[in-house]
Amino acid sequence: MSEQLVVRLGSTPQDSLYWMVWSDSEQEIIASGELPNADALGTLGDRAGNRPITILVPTSDLLLKWVTLPGRPNRKVLSAIPYMLEDELNTDVDSQFFAIGPKNAEQQAIAVVSHDKMLEWQSVAESAGLQCNKMIPDVLALPANENVWSLINLGDNLLIRQDQWQGMQGEAEWLMMAVEHAAKQQTTPLVIHCLSDIPPVKLANVEFVEQHTDMPLQVLAQGALECKFNLLQGDYKVRQQGSSEWKKWRAAAILAGVALLTTLIDKGLEANHLRQQQQEIQAQIEAQYQRAFPNGGRYRDIKTKITDLMKELQQGGGGVSLLAMLSQLSEAFDSSQIQPQTMKFSQDRSELRLQAVAKDFNALEKFKTAAESAGFEVQQGAINNNGDQVISTLTLRS
């Protein structure tokens with residue numbers, strides 16, 4: 001899919017979290033926001049839809065390490081990694097989960113996180129009804145540049161990526177102390193690209209460089225999509241389920257095949273020497289028809305029967321046209337005098353998304369009331385002032 005939902009969790013369920021719906025095809029954030037805590041995550045059910053879901057987790061809750069492997073990596077060597085790190089962890093390795101990252105020559109990237117944390121993160125998502133496809137440490141969603149660090153300010157937290165597989169995340173005050181300590185170990189200034197506001201501090205041997213970028217959430221959304229690493233490995237690997245979309249349209253695909261075979265019948269009737277093939281194809285049509293619609297009943301004309309069944313399938317799937325929705329909304333547009341700037345229509349979801357301009361807030365409310373009276377469900381996004389006008393995003397479902 002070209003759209004995905006990205007959610008950045010806090011270190012505890014009580015911390016605020018951020019979310020965004022990113023369109024890869026249009027390279028923009030469709031919607032975004034901040035939630036007060038993990039209990040409010042369930043409100044993103046409509047936002048998730050059938051979109052893939054990526055969860056960013058705090059890097060402060062895990063350890064990113066490079067491990068030097070003896071010889072070529074194989075299952076036996078990789079299984080020994082927890083015991084190679086046992087002295088550094090100062091904890092029972094059985095309580096830790098070791099996720100395998102990229103390999104660079106003899107260096108193997110490893111992410112270490114407690115099983116309790118992995119279960120907590122998965123439980124938070126499942127309790128909200130979200131099926132997480134991908135989970136990555138938040139700093140890995142920042143750009144990785146050689147000899148240059150990347151920094152983003154997210155609420156009270158700073159996210160810093162140091163290289164391909166290292167970073168820091170935490171409150172700005174103590175994190176700046178860690179940055180200055182690392183900079184003092186260098187003979188040349190430590191260069192940090194700031195993808196949000198430059199921190200209002202001066203650090204010894206540190207050079208902050210402002211980078212003109214879009215919203216911090218957009219940087220994280222793009223980085224999350226490009227990151228190949230996934231914490232959901234081993235026992236935590238996502239179990240692929242049968243595609244509900246394929247199940248929904250499987251009968252339609254079978255009917256399309258039946259329609260093709262029916263066309264072959266018509267061609268066969270044009271020549272006597274194809275009569276035998278016609279009988280064989282007729283048998284295939286009957287078998288395909290019975291397979292797709294075992295309770296479809298008898299028919300006189302297969303073409304008419306297929307056409308009627310296709311119409312029933314479309315109506316059962318909630319098919320709605322853009323023109324029909326706009327026609328039903330004409331009175332709402334006329335009465336409120338709002339002007340749509342952009343429109344995005346999804347037939348699968350019977351959903352029309354507008355970015356609209358109105359003269360004031362009352363005009364938006366008037367449109368919303370009129371649209372609901374016409375039988376639509378209306379969700380209104382954030383409202384922004386633009387001179388003597390207001391701009392808002394409206395999502396309408398039939």
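No lab work stands behind these numbers, since they all come straight from the coordinates. Given the structure is predicted, the values throughout are model-derived calculations rather than measurements. With ideal geometry, Cβ positions are generated from the backbone for all residues, glycine too; neighbour counts draw on all protein chains shown.
Listing R51, R275 from the residue with the fewest other Cβ atoms within 10 Å to the one with the most, what is the order?
Fewest-to-most ranking of R51, R275: R275, R51.
Structure note, pairs K65/K103; K76/K117; K267/K303; K134/K237; K65/K228; K117/K237: Cα-Cα distances above 19 angstrom occur for K76/K117.
Both numbers refer to the Cα atoms of segment 65-114; Rg and Dmax are 10.4, 29 Å. In the chain, the calculated helix contribution to ellipticity at 222 nm averages -10500 deg cm²/dmol per residue, counting -39,500 (n - 2.57) for every DSSP H run with n ≥ 4.
Shown here for segment 35-142: GluC sites (Glu not before Pro) in loop regions (DSSP other than H, G, I, E, B) with at most 15 other Cβ atoms within 10 Å, namely E106. Straight-line cross-link partners of K344 among the lysines, defined as a Cα under 20 Å from its Cα and at least 8 positions apart when in the same chain: K368.
Comparing L85, Q108, T59 along the charge dipole axis of segment 51-119, the residue lying farthest to the positive side is Q108, per the Cβ-charge model.
Applying a length cut-off of 24 Å (Cα extent along the axis) and a mean Kyte-Doolittle floor of -1.0 to the DSSP H helices of the chain leaves 244-268. The structure-derived value of Rg and Dmax of the Cα atoms in Å appears in the list (i) 21.4, 65; (ii) 28.0, 93; (iii) 20.9, 76 under the label (ii). Remark: the chain carries a charge dipole of roughly 1900 debye about the Cα centre, counting +1 on each Lys and Arg Cβ and -1 on each Asp and Glu Cβ. Residues M176, M118, M343, ranked from the fewest to the most other C-beta atoms within 10 Å, line up as M343, M176, M118.
Exposure proxy for I110, I383: other Cβ atoms within 10 Å of each Cβ, ordered fewest to most, give I383, I110.
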